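Nothing in this text is a laboratory measurement; each read-out follows from the coordinates by a stated rule. Bear in mind the structure is a predicted one, so any value in this text is a computation, not a measurement. Counting neighbours? That spans all protein chains shown, and the Cβs are built from the backbone with ideal geometry, glycine included.
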Amino acid sequence: MWAYVSQVRIDELKHSFSDQIEMNYHFVQVFGHVHQKLETQWGQRGGAAAYGQHVKEVIGKFEHVPVHPDIWQRDIPRSSLPAHLFLSALKLLDPQPPRTDGRSTLECAAWAVREAFFRDRVDVSQRDELFTIAEGLDLPVERIRTILDSGAAHALLSEDIAAARDQSIRFSPTLLFNEGRQLLTGNVGYRVIEANVRELLRAPTEHQSSWC
């Protein structure tokens, strides 16, 4: 849910720094096995229903993101991996220009998947639902299907999972800067993110370390 809440901060970061920064997106399986995770972490606290209430209370504090009243009550996805595979396949499409809102095709699709789940309670572990999202964005569904069937998206996602393990990244969102030396995880305020970026853009010399 923090990736859903924090997208507005990423948008502001891109707007503020324009061509001074480049964003590279990777996926980490925080909810790779949804039912097991809920049973392990929330089984003694009311299960999926209690977790859904927790999500509603947290997201409800942020006016810019809506949440479905029945989130985590029905149509619960079994895994986040199908959505991650779908988005990994989009990385392998031919380069496409930014959309009118300044987001790339991948950013638009990632946001659409999050909205579908949190706002509309769509089971985003279902391929048909993901293809419906792709159609709504006028994406080449058959080309995406071919990439998925080829195994190329699986290979790319496998790289992301291995990188997350090697860098000890377990939560989403996690912002990694400065060749892995700076890491911001979870609900981090925009000013903190901005301060890290501004300090890095100062380009410290070989003998001057960043203060961030």
Exercise for review: Enumerate the pairs (first residue in segment 167-181 and within 16 Å of residue 31 (Cα to Cα); second residue anywhere and among the hydroxyl-bearing types (Ser, Thr, Tyr)) with beta-carbon separation below 6 Å, excluding pairs fewer than 6 apart on the same chain, so at least 6 apart or on different chains.
Suggested key: 171/185; 173/6; 174/185
Check your understanding: Residues 146, 132: which one is without any contact (Cβ under 8 Å) to a residue 24 or more places away in the chain, closer than 26 Å to residue 1 by Cβ and among the polar types (S, T, N, Q)?
Key -> 132
Point to revise | Every residue from segment 181-206 that is more than 17 Å from the chain's Cα centre (by Cα), surrounded by 12 or more Cβ atoms within 10 Å (Cβ to Cβ) and assigned to a helix (DSSP H, G or I) | key: 192, 194, 195, 196, 197, 198, 199, 200
Practice item. Kindly list, by first and then second residue, each pair from a residue in segment 64-87 that is within 28 Å of residue 153 (Cβ to Cβ) to a residue that is assigned to a loop (DSSP other than H, G, I, E, B) and of a type in the set (A, V, I, L, M), limited to pairs with Cβ atoms under 6 Å and residues at least 6 apart or on different chains. Key: 77/124; 83/124
Practice item. Go through segment 13-37 and give me each residue that's without any contact (Cβ under 8 Å) to a residue 40 or more places away in the chain, of a type outside the set (Ser, Thr, Tyr) and outside any loop (DSSP other than H, G, I, E, B). Key: 19, 36, 37
Exercise for review: Check whether at least one residue in segment 58-77 is loosely packed, with under 15 Cβ neighbours inside 10 Å and either touching a strand residue (DSSP E or B) at 6+ places or on another chain (Cβ under 9 Å) or closer than 24 Å to residue 150 by Cα (or both), and report yes or no.
Suggested key: no
Review point. Among the residues of segment 150-161 satisfying the criterion of being surrounded by fewer than 13 Cβ atoms within 10 Å (Cβ to Cβ) and over 17 Å from the mean Cα position of the chain (by Cα), which is nearest to residue 21 (Cα to Cα)?
Key: 155
